[in-house]
Each structure stands twice: as C-alpha cells, then as structure tokens.
Amino acid sequence: PYRINLNIRRRIEREAIIEERRRIAREIHDGVAQSLSYLNLKTKRVSDLVSSHDIVPAITEISEIREVVQDTYEDIRESIDQLSTETRSLPLTTALRNYFREFSTNNNIQVQFNVPKAFTKLSPIAELQLLRIIQEALTNVRRHALASAVEVKLENTSESVKMTVRDNGQGFNLLDLEKAPPGYHGLNIIKERAEGLGGSMNISTAPGEGTELRVSLPMDKVRL
C-alpha cells in the first residue's frame, strides 16, 4: 500500500508540474509576448513619423515605448524572483517571508505577514499553488493598486485554509473587470489556481478604498 500511495503521489506531482508549465506559458503569452507585439507596432509608428519629419510626436511615442519597456522589465524580473522562490527546501511560511522581504525592497511597498504559529502543513502541490497565488496577488498590487502597504494573512481551521491579501491602494470598480481583456489584473490566474485545489476566490473593493482578495481552500484537498 505504501508503494502504491507513493506512486500515486509521484504521478500527481508530475501532473502538477506539467500544469504549472502550461500556466507559465499562458502567463508569458498574456504578458511579455503581448508587450513585445505592442512595442513592435510602436517602433514602426516611430519609424514612420521620423521618415515624415514629425519629430515631436515621434518623441512622445518613444517616451511611451520607454515606459512599456520598463514595465516589461519589472514583470520579467518579478517572474524570475517568483520562480526562484520554492518550498521544497523551506517551510512555506519561511519561503513567503523571504519573498516578502525581496518584494518590499524592490517595490517600496510594506508587507505585513500574519500567520498562526501552528499553521497546518500542506501538501507540496498545495504549498506551491498557494505560494504562486500570493505572489500573483502581490504582483497585482504592484502593477495596479498604487499602494504603500499590503497585509497578507493566512488562517487554517479544521475545514479550510484561508488567505487574505489587503492593500491600501486606489481600489477599482468591480464592473470594470467585465470590460477588461482576459487575464487583466492576473485575477483569472489566481481563480484558476484556487479552483484547481477545489477552492474559491472573492474580491472586495471600491474606488479609493483599497482591495481585499480572499482565497479559501478545502482542508481535505490541501492537507499533507
């Protein structure tokens, strides 16, 4: 029975790795690839303007290109930081504290982390997914919230593991999400990861009131 369980666990972990690679591919397509496509169009526009001796609008276009390049650089750097943060050799809470320290230093956003001392030990797959969910949530804060501080809270009961990420940023109108392109705010990625563990995601926000993101995962699906 032990060998059978070990084989099942290894198969599940292999499937999780394959799915993680698919998610990364989608994130690259929705992020870096689209930025490069946009930059390609912009550089062609600049070339046309320079050929027509329209220097002032060309300079404006170049300024916009520089902003997109900087944003893309930040996204790539953050993705590398996220992928280099793993939980195989460290407890989840330690890996998170290390990541929060790096995030705060790079982005000048204070992170307050609240977690009980006796936080439940999760399966390796669940720990990785929860880590990626929190990282994506903080990426959203950096990109969109204009926040100076964010609180990350983990809780566990006999029935569930709960995660809350609350920022003091500008907030937004939830109705705007219906008009946004797929993947905007990275919320689709978070929702997909939570549902992959049998969980759910909810958001509370309003313009000028910050944003609170909540994820709940069933304990029987994530416990080690």
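Rule-based calculations on the coordinates, nothing more; no lab input. Because the structure is a prediction, the values reported are computed rather than measured. Here the Cβ is made from the backbone with ideal geometry for all residues, glycine too, and neighbour counts use every protein chain on show.
Numbers below:
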{"quantity": "Ranking of Arg166, Arg77, Arg45 by count of other Cβ atoms within 10 Å, fewest first", "calculated": "Arg77, Arg45, Arg166"}
{"quantity": "Volume of the Cα convex hull of the stretch 91-224, divided per residue and given in Å³", "calculated": "98"}
{"quantity": "Bridge type composition, the stretch 91-224 - antiparallel percent by DSSP, nearest 5", "calculated": "80"}
{"quantity": "Listed pairs Lys121/Lys191; Lys117/Lys221; Lys42/Lys153 exceeding 32 Å between Cα atoms", "calculated": "Lys42/Lys153"}
{"quantity": "Sorted by Cβ neighbour density within 10 Å, fewest at the top, the residues Tyr38, Tyr73", "calculated": "Tyr73, Tyr38"}
{"quantity": "Residues Val152, Val56, Val68 arranged by fewest to most Cβ contacts within 10 Å", "calculated": "Val56, Val68, Val152"}
{"quantity": "Protection proxy ranking, peptides 189-196, 168-175, average beta carbon neighbours within 10 Å, highest first", "calculated": "189-196, 168-175"}
